[in-house]
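See structure below.
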Amino acid sequence: RTRYIQTELGFHERLFVAVLTSKATLNTLAVAVNKTVAHHFPRLLYFTGLRSAKVPHGMVLVAHGDERPIWLMYETMHYIHQHFGSDYDWFYIMQDDTYAQAEQVKALVTHLSINQDVYLGRAEEFIGGDEQARYCHGGFGYLISRSLLLKLHPHLDSCRNEILSVRPDEWLGRCIIDFLGIACVSQLQGQHYHTYELAKNTEPEKEEEEEFEAALAVHPVSDMTLMYRLHKRFSRIQLDKAYQEIQDLQMQIRNLTSLTPAGEAGLTWPVGINAPFLPKSRFEVISWDYFTEQHLFSCPDGSPKCELSGASKADVSEIIESALEQLNRRYQPLLRFSKRQLLNGYRRFDPTRGMEYTLDLLLEAVTQKGHSHVLAKRVSLVRPLSKVEIIPMPYVTEATRVQLVLPLTVQDLDFVANFLDMFAMNTLDTHDNALLTLLFIYHPYDAQRVSQVDVFAGVKAMVGELEKRYAEVKIPWISVKTEVPSQVKLMDIVSKKHPVDALFFLASVWTEINMEFLNRCRMNTISNWQVFFPVHFQEFNPALVYRGEQTASSSTDFLRDGHFDRHSFAEACFYNSDYMTARTKLAADILDRDEVLESMEVFDVFLHYSGLHLFRAVEPGLVQKYALRSCNPRLSEELYHRCVLSNLEGLASRSHLAMALFEQEQANST
């Protein structure tokens, strides 16, 4: 895994950014920095001298407790070295009245060698000092290399005691020069640190100077509005440059296409985007979804027609608007188009290039002389896949102990023996780090007669045999009396019986445990970050699939005669601490209305009452033999309906059902 490789080989993250703020600007300029450029930097922290400062939403603030500028700089450098000195190659320090072009700063450090001591920024002369000795002006930000920070840290205490200065940037520059002999430079290794000093009453929208457009940092920014205007202006500049680069590359591709073996016939549309996916068989054909401005005819719940809303509605509106914009850009000033109606819309997702659209538009075309004409026009558009981003995730190990939880009712007794055999073979025999807890769910009538006839006596005997065979293994059980076995209520009981850091795998009696899945359970479940709800593979009813023929057992038939049961949420992997946190929020919401829990599953608890990632994915390692589930009518209507659907769709495929009906009709006719 990449994080282990990175740690073992001593790789560092690229850039750390520190923003110096104050009491007067924390809720204004610092917030503006956070909203404009903070999300472009991989790691950004704010440093202030305030005590017990109230942190604005979405910001990470380090409060040193002393507002003296020199002390703030000293504590900030010490903090950066202590907490991040071994993790990052470059450290960029700026003030909250500085606008920095984040992408340009990131591009700058990729072109600099990390093996050199770097102190890079806008070089300024000391007042009354040596002309050769320069410091980096703090208002325009400056870049320090990791090697320089490591050499500087032992001298920070001496600098604090011996160097007198009013400005913190001058103090730091003098410290670096006196103890390391390194002065600030504005260019290094062929790279220039461009800056721009804003005059009073500057209008960013009217700035056309090359110096302004090339600036990595702009200073001073007097208020939040100016910060946002600068961000809008520089974003437009970068966007125009990107569009121009795209046009230049497309022209080069067109010019070179004639020299390729395929010739001009190999030129794809749009130029520079991957060609559409070519299916090798009818099973690989990507289907188109039909839509209008009001409805979608391929719905997530399987219904034939649903209202167009949310992200899909915004997507369609944006595509129509973009189509009109492109048409007007191409034909103006001769023609000007306006939309009358979307006649037909089609879209599909091509994993090789992105989302494709085909629109039939009813347009009104107006000429320069004012004559209008209504016409229908078909346009094709592509929303290409953009740059792929790697989302940072906490890393976990396969050494985590998995606590299996198996709820059992009277209807499950016929399947317990197979579950315990598979558990013993795949975990106990292999010494996997997994434990099992059984949850016996007694009906009130059975609970009253438990002293005479225990319906789970056979299961307890099997557990006793396992504990004799494996002396070091203990399989505890918990007995519960209820008419409605709510998954949430049962999990509440189990949660209290186990440690906070326990990793639960909530299993069903039809689950066949194996090491491959348990490892995926460990890897896909991350404490305080992600829970895992696998979609098991359900085999079809062999009586309908094979109709008396021998069951195929070759490896090529693996995962063939069955389907992934998307209606089942019985299996789940999550940490006890995460469940307790979400459950606490649920309790505050429903107060004492415990009947609400009967309509909920553990999945609903995490979905509505936690901020965690819910990872829902097909799991080929969880294969279940066919069995007709018992659907409890005492549960909520939704849960009961989902259980019935799971049973119905688990009977057989459409082709198998059609063949069975055909054979039955033939038998009846004879």
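Would you confirm, using the coordinates I've provided, whether C643 is within 30 Å of V410 (Cβ to Cβ), without any contact (Cβ under 8 Å) to a residue 60 or more places away in the chain, of a type outside the set (K, R) and not in a strand (DSSP E or B)? When the stated conditions are applied, C643 does not pass them. Restricting V396, V379, V402 to residues that are modelled with pLDDT under 90, touching a helix residue (DSSP H, G or I) at 6+ places or on another chain (Cβ under 7 Å), open to solvent by less than 60 Å² (accessible area, probe 1.4 Å) and not small (G, A, S) narrows the list to V396. From the list K313, K305, K280, the lone residue that is outside the structural domain of F337 (by the TED database) and either among the basic types (K, R) or modelled with pLDDT under 90 (or both) is K280.
Can you name the residue in segment 79-114 that is touching a Lys or Arg at 6+ places or on another chain (Cβ under 8 Å), of a type in the set (A, V, I, L, M, F, W, C) and open to solvent by 10 Å² or more (accessible area, probe 1.4 Å) and, of all such residues, is farthest from G190 (Cα to Cα)?
So in segment 79-114, the residues touching a Lys or Arg at 6+ places or on another chain (Cβ under 8 Å) come out as 84-85, 88-91, 106, 109-110, 114.
If we keep only those that are of a type in the set (A, V, I, L, M, F, W, C) as well, we get 84, 90-91, 109, 114.
Restricting the remaining residues to those that are open to solvent by 10 Å² or more (accessible area, probe 1.4 Å) gives 84, 114.
Numbers: F84: 28, I114: 14 Å.
Among those that are touching a Lys or Arg at 6+ places or on another chain (Cβ under 8 Å), of a type in the set (A, V, I, L, M, F, W, C) and open to solvent by 10 Å² or more (accessible area, probe 1.4 Å), it is F84.
When you scan segment 582-589, do you find a residue that is modelled with pLDDT of 90 or more and within 22 Å of the chain's Cα centre (by Cα), even just one? Among the residues of segment 582-589, at least one is modelled with pLDDT of 90 or more and within 22 Å of the chain's Cα centre (by Cα), which makes the answer yes.
Any residue at all in segment 178-187 that is part of a strand (DSSP E or B), under 43 Å from the mean Cα position of the chain (by Cα) and surrounded by fewer than 21 Cβ atoms within 10 Å (Cβ to Cβ)? Yes, segment 178-187 has at least one match.
Taking the numbered list (1) modelled with pLDDT of 90 or more; (2) touching a strand residue (DSSP E or B) at 6+ places or on another chain (Cβ under 8 Å) in turn, M422 passes all entries but (2). For segment 312-335, check the following and say yes or no: at least one residue is part of a loop (DSSP other than H, G, I, E, B), on the phi < 0 side of the Ramachandran plot, touching a residue at least 24 places away in the same chain (Cβ under 8 Å) and open to solvent by less than 100 Å² (accessible area, probe 1.4 Å). Within segment 312-335, one or more residues are part of a loop (DSSP other than H, G, I, E, B), on the phi < 0 side of the Ramachandran plot, touching a residue at least 24 places away in the same chain (Cβ under 8 Å) and open to solvent by less than 100 Å² (accessible area, probe 1.4 Å). Of the numbered criteria (1) among the aliphatic types (A, V, I, L, M); (2) touching a Ser or Thr at 6+ places or on another chain (Cβ under 8 Å); (3) without any contact (Cβ under 8 Å) to a residue 40 or more places away in the chain, the one V494 fails is (3). Residues that are touching a helix residue (DSSP H, G or I) at 6+ places or on another chain (Cβ under 8 Å), open to solvent by less than 40 Å² (accessible area, probe 1.4 Å) and either among the β-branched types (V, I, T) or at pLDDT 90 or above (or both) within segment 429-446 comprise A434, L436, T437, L438, L439, F440, I441, listed in sequence order. One residue stands out among those in segment 48-67 that are farther than 18 Å from D97 by Cα, of a type outside the set (A, V, I, L, M, F, W, C) and open to solvent by 30 Å² or more (accessible area, probe 1.4 Å): the one that is nearest to the chain's Cα centre (by Cα), which is G58. The numbered conditions (1) assigned to a helix (DSSP H, G or I); (2) loosely packed, with under 14 Cβ neighbours inside 10 Å; (3) at pLDDT below 85; (4) not β-branched (V, I, T) are all true for L597 except (2). If I ask for residues that are β-branched (V, I, T) and not in a helix (DSSP H, G or I), which ones from segment 250-266 would you list? T260 - this is the single residue of segment 250-266 that is β-branched (V, I, T) and not in a helix (DSSP H, G or I). Residues in segment 600-651 that are open to solvent by 40 Å² or more (accessible area, probe 1.4 Å) and under 24 Å from the mean Cα position of the chain (by Cα): L607, H608, Y609, G611, H613, L614, F615, R616, V618, P620.
Looking only at segment 188-226, which residues are in a strand (DSSP E or B), open to solvent by 60 Å² or more (accessible area, probe 1.4 Å) and closer than 20 Å to I144 by Cβ? If you could, list the steps in order and put the result at the bottom.
Step one: of segment 188-226, the residues in a strand (DSSP E or B) are 188, 191-192, 195-197, 217-219.
Checking the rest, the ones that are also open to solvent by 60 Å² or more (accessible area, probe 1.4 Å) come to 192, 197.
Listed by number, the list holds a single entry, H192.
Checking the structure you have, find out if any residue of segment 158-175 is open to solvent by less than 70 Å² (accessible area, probe 1.4 Å), under 37 Å from the mean Cα position of the chain (by Cα) and at pLDDT 90 or above. No, there is no match, as no residue in segment 158-175 is open to solvent by less than 70 Å² (accessible area, probe 1.4 Å), under 37 Å from the mean Cα position of the chain (by Cα) and at pLDDT 90 or above. Of the residues that make up segment 267-277, is at least one outside the structural domain of A376 (by the TED database), at positive phi and outside any strand (DSSP E or B)? Checking segment 267-277: at least one residue is outside the structural domain of A376 (by the TED database), at positive phi and outside any strand (DSSP E or B).
Assigned by the TED database to the domain that holds Q411, within 20 Å of V416 (Cα to Cα) and free of Cβ contacts under 8 Å to residues at least 40 places away in the same chain: is that true of A471 in this structure? No: the conditions fail for A471.
Quick one: would you say T21 is touching a helix residue (DSSP H, G or I) at 6+ places or on another chain (Cβ under 8 Å) and open to solvent by less than 60 Å² (accessible area, probe 1.4 Å)? Here the answer is yes, as T21 does meet what is asked. In segment 47-69, the residues that are on the phi > 0 side of the Ramachandran plot and not assigned by the TED database to the domain that holds N34 form no Cβ pair under 9 Å with any partner that is open to solvent by less than 70 Å² (accessible area, probe 1.4 Å) and in a loop (DSSP other than H, G, I, E, B), whether six or more places apart or across chains.
The values are calculated or read from the model by the stated rules, or taken from the named source; none is laboratory data. In this text the structure is predicted, and so the values were computed from the model without any measurement. Every residue, glycine as well, gets a Cβ built from its backbone with ideal geometry; the counts of neighbours run over all protein chains shown. The protein model used for the area step is the full one, side chains on, heavy atoms only, and it has no ligands, DNA or RNA in it. Shrake-Rupley method; radii C 1.70, N 1.55, O 1.52, S 1.80 Å.
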